[in-house]
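Student: I am attaching a structure below and will ask some questions about it afterwards.
The values are calculated or read from the model by the stated rules, or taken from the named source; none is laboratory data. Just so we're clear, the structure is a prediction, and the values are computed from it rather than from any experiment. Methodologically, a virtual Cβ is constructed for each residue, glycine included, from the backbone with ideal geometry; neighbour enumeration extends over all protein chains shown.
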Amino acid sequence: MTDSPAHPAPLADPHLVYDPAAGDGPKDVVILGSTGSIGTQAIDLVLRNPDRFRVTALSANGGRIALLAEQAHRLRVRTVAVAREDVVPALREALAAEYGAGEPLPEILAGPEAATRIAASDCHTVLNGITGSIGLAPTLAALEAGRTLALANKESLIVGGPLVKALAKPGQIIPVDSEHAALFQALAAGTRADVRKLVVTASGGPFRGRTRAELANVTVEDALAHPTWAMGPVITINSATLVNKGLEVIEAHLLYDIPFDRIEVVVHPQSYVHSMVEFTDGSTIAQATPPDMRGPIAVGLGWPERIPDAAPAFDWSKASTWEFFPLDDEAFPSVNLARHVGQLAGTAPAVFNAANEECVEAFRCGALPFNGIMETVTRVVEEHGTPATGTPLTVSDVLEAETWARARARELTATTATVEARA
């Protein structure tokens with residue numbers, strides 16, 4: 001892929017609304033990753049707006065069975081899907097405990113394809129809140145089935161960009177990341193031709209202001225202490241390395257068809273301004289709310305309608321200070337590396353993402369130092385080289401590249417651990 005997009009229109013366009021046929025009454029929604037951070041907040045929003053939304057199916061990995069059963073009962077869903085087949089007996093028991101005598105239990109689907117199956121089920125909108133590239137298959141299934149896709153699973157777009165672009169119809173994807181939901185809303189203020197630059201904001205994570213040398217000995221606990229957002233451990237560590245922001249740069253390029261040299265990252269510690277669009281007349285439109293993911297989720301589920309009181313608003317009677325700083329590329333090289341793999345395209349983003357997931361896990365287990373995450377990812381990307389051009393990307397290509405990247409990252413991580421043990 002180059003900066004001349006294959007599609008004449010961006011994947012996400014606030015001026016275009018893709019609306020699958022829906023009858024009267026609440027909008028039917030499927031939630032993937034229901035027991036995670038995005039899923040639980042989406043359910044909170046749904047329960048507060050029963051006249052607008054009705055959840056028909058839930059999916060989860062299977063690590064929080066009691067919560068999944070409680071969600072299924074409160075929402076009265078038709079189907080519950082779990083990735084882990086070994087937890088099905090425990091799930092049946094938990095569901096039986098939640099439901100009263102004589103109440104019909106929901107259908108249970110289990111296995112690696114379970115989330116993909118419900119992503120293609122009969123509904124209006126699929127919210128993909130799964131973490132990691134395993135969200136690609138459900139993303140493709142939802143698009144192929146003609147559902148509106150509220151996309152929080154950025155990895156599926158990163159690793160399968162051309163595949164997603166080939167399936168998505170104009171307006172079919174609505175981004176749920178706070179940054180991309182902000183860009184989506186700000187872009188409504190003008191036409192695509194009016195856009196000069198996208199400005200993606202970053203909190204800077206727990207290590208804002210530290211030099212690369214000062215990051216050498218930070219701990220997992222340090223990396224998980226995000227100053228603004230409450231997220232899962234993988235996303236939180238990605239925010240500490242700013243890999244998350246690098247992925248968002250690639251995502252912004254794919255969603256809005258804006259060249260990489262017109263996508264800027266700035267550090268904004270307060271996390272009030274979620275992103276900005278600079279227009280050709282010099283105007284900048286910023287989308288701002290207190291940090292709360294229920295706002296972006298409401299945009300994803302409700303657009304083009306606004307959901308009243310979806311998230312807190314600012315109290316403008318109180319003084320506050322909003323700061324913006326340039327990104328320190330030396331301490332946090334992940335953003336520039338992400339730009340590089342985004343420009344390489346092909347399987348390079350999949351290699352970058354898979355290697356990072358392995359390195360984050362190694363860091364969490366104490367097998368890799370913090371700076372070693374990006375050092376190892378960089379080496380894996382360099383060894384992967386330039387992807388072949390001229391042939392369409394396939395799901396098999398993505399899976400093969402990911403498998404290689406994970407294995408190579410584990411080899412390099414094991415070597416690093418051995419060297420440090422001997423030191």
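Student: In the stretch 215-227, how many residues are assigned to a helix (DSSP H, G or I) and surrounded by fewer than 12 Cβ atoms within 10 Å (Cβ to Cβ)?
Tutor: Total satisfying the criteria: 1.
Student: So, Glu144, is that one acidic (Asp, Glu) and buried (at least 22 other Cβ atoms within 10 Å of the Cβ) or not?
Tutor: Taking the combined requirement at face value, the residue does not satisfy it.
Student: Related question: Can you list the helices (runs of 4 or more DSSP H) found entirely within the stretch 127-167 that contain at least 1 residues being more than 14 Å from Ala115 (Cα to Cα), of a type in the set (Val, Ile, Thr) and assigned by TED's automatic domain parsing to the domain that holds Ile43?
Tutor: Ranges flagged: 154-159, 161-167.
Student: Also, I was wondering about something else. Please verify whether Ala230 is surrounded by 15 or more Cβ atoms within 10 Å (Cβ to Cβ) and under 30 Å from Ala367 (Cβ atoms), treating the condition exactly as stated. I'd like the intermediate steps shown before the answer.
Tutor: Numbers: surrounded by 15 or more Cβ atoms within 10 Å (Cβ to Cβ): no; under 30 Å from Ala367 (Cβ atoms): yes.
Judged against the criteria, Ala230 is not a match.
Student: Can I ask one more? Which one of these does Gln270 not meet: (1) over 22 Å from Leu127 (Cα atoms); (2) over 22 Å from the mean Cα position of the chain (by Cα); (3) not charged (D, E, K, R)?
Tutor: For Gln270, the failing item is (2).
Student: Run down Asp281, Asp309, Asp328 and say which single residue is on the phi > 0 side of the Ramachandran plot and surrounded by fewer than 19 Cβ atoms within 10 Å (Cβ to Cβ).
Tutor: Testing whether each residue is on the phi > 0 side of the Ramachandran plot and surrounded by fewer than 19 Cβ atoms within 10 Å (Cβ to Cβ) leaves just Asp309.
Student: Still on this structure: How many residues are within 15 Å of Ser203 (Cα to Cα), assigned to a loop (DSSP other than H, G, I, E, B) and touching a strand residue (DSSP E or B) at 6+ places or on another chain (Cβ under 6 Å) if we restrict to the stretch 263-293?
Tutor: Within the stretch 263-293, residues that are within 15 Å of Ser203 (Cα to Cα), assigned to a loop (DSSP other than H, G, I, E, B) and touching a strand residue (DSSP E or B) at 6+ places or on another chain (Cβ under 6 Å) number 2.
Student: Out of Ile118, Ile158, Ile130, I need the residue that is crowded, with 24+ Cβ neighbours inside 10 Å, in contact (Cβ under 8 Å) with a residue 12 or more places away in the chain and more than 30 Å from Ser271 (Cβ to Cβ). Which one?
Tutor: Only one candidate passes the filter, namely Ile118.
Student: Still on this structure, I have one more. Val17: over 30 Å from Gln343 (Cβ atoms), in contact with a strand residue (DSSP E or B) (Cβ under 6 Å, 6 or more places away or on another chain) and not assigned by TED's automatic domain parsing to the domain that holds Thr386, yes or no?
Tutor: Working: over 30 Å from Gln343 (Cβ atoms): yes; in contact with a strand residue (DSSP E or B) (Cβ under 6 Å, 6 or more places away or on another chain): no; not assigned by TED's automatic domain parsing to the domain that holds Thr386: yes.
In short, no.
Student: Next question, about the same structure. Asp315: touching an Asp or Glu at 6+ places or on another chain (Cβ under 8 Å) and not in a helix (DSSP H, G or I), yes or no?
Tutor: No; evaluated as a whole, the condition is false for this residue.
Student: Looking at Gly205, Gly282, Gly246 in this structure, which one is within 23 Å of Pro326 (Cα to Cα), of a type outside the set (Asp, Glu) and free of Cβ contacts under 8 Å to residues at least 24 places away in the same chain?
Tutor: So the residue among Gly205, Gly282, Gly246 that is within 23 Å of Pro326 (Cα to Cα), of a type outside the set (Asp, Glu) and free of Cβ contacts under 8 Å to residues at least 24 places away in the same chain is Gly282.
Student: Given the condition at pLDDT below 95 and under 24 Å from Asp19 (Cα atoms), answer yes or no: does some residue in the stretch 192-204 qualify?
Tutor: So far as the stretch 192-204 goes, yes, one or more of its residues are at pLDDT below 95 and under 24 Å from Asp19 (Cα atoms).
Student: Pick out the one residue from Val377, Val360, Val381 that is modelled with pLDDT of 95 or more and more than 20 Å from Ala345 (Cα to Cα).
Tutor: Residue meeting the stated conditions: Val360.
Student: Quick check on the stretch 20-33: of everything there that is farther than 17 Å from Ala230 by Cβ and either modelled with pLDDT of 90 or more or surrounded by 15 or more Cβ atoms within 10 Å (Cβ to Cβ) (or both), which residue is nearest to the chain's Cα centre (by Cα)?
Tutor: Selected residue: Leu32.
Student: Is it true that some residue in the stretch 42-51 is part of a strand (DSSP E or B), in contact with a Lys or Arg (Cβ under 9 Å, 6 or more places away or on another chain) and closer than 22 Å to Ile134 by Cα?
Tutor: Among the residues of the stretch 42-51, not one is part of a strand (DSSP E or B), in contact with a Lys or Arg (Cβ under 9 Å, 6 or more places away or on another chain) and closer than 22 Å to Ile134 by Cα, which makes the answer no.
Student: Something else now. Scan the stretch 364-414 for residues that are among the aromatic types (Phe, Trp, Tyr) and touching a helix residue (DSSP H, G or I) at 6+ places or on another chain (Cβ under 7 Å) and jot them down.
Tutor: Phe370 - this is the single residue of the stretch 364-414 that is among the aromatic types (Phe, Trp, Tyr) and touching a helix residue (DSSP H, G or I) at 6+ places or on another chain (Cβ under 7 Å).
Student: Could you please give the count of residues in the stretch 309-332 that are more than 24 Å from the chain's Cα centre (by Cα) and without any contact (Cβ under 8 Å) to a residue 24 or more places away in the chain?
Tutor: The number of residues fulfilling the criteria is 5.
Student: Applying the selection to the stretch 39-66, what residues are buried (at least 17 other Cβ atoms within 10 Å of the Cβ) and among the aliphatic types (A, V, I, L, M)?
Tutor: Correct list: Ala42, Ile43, Leu45, Val46, Val55, Ala57, Leu58, Ala60, Ile65.
Student: Here's a check for you: in the stretch 103-126, which residue that is part of a loop (DSSP other than H, G, I, E, B) and closer than 16 Å to Phe53 by Cβ is farthest from the chain's Cα centre (by Cα)?
Tutor: Among residues in the stretch 103-126 that are part of a loop (DSSP other than H, G, I, E, B) and closer than 16 Å to Phe53 by Cβ, the one farthest from the chain's Cα centre (by Cα) is Asp122.
Student: May I ask you to say which residue of Ala141, Ala230, Ala152 is farther than 15 Å from Pro14 by Cα, modelled with pLDDT under 95 and touching a helix residue (DSSP H, G or I) at 6+ places or on another chain (Cβ under 9 Å)?
Tutor: Ala230
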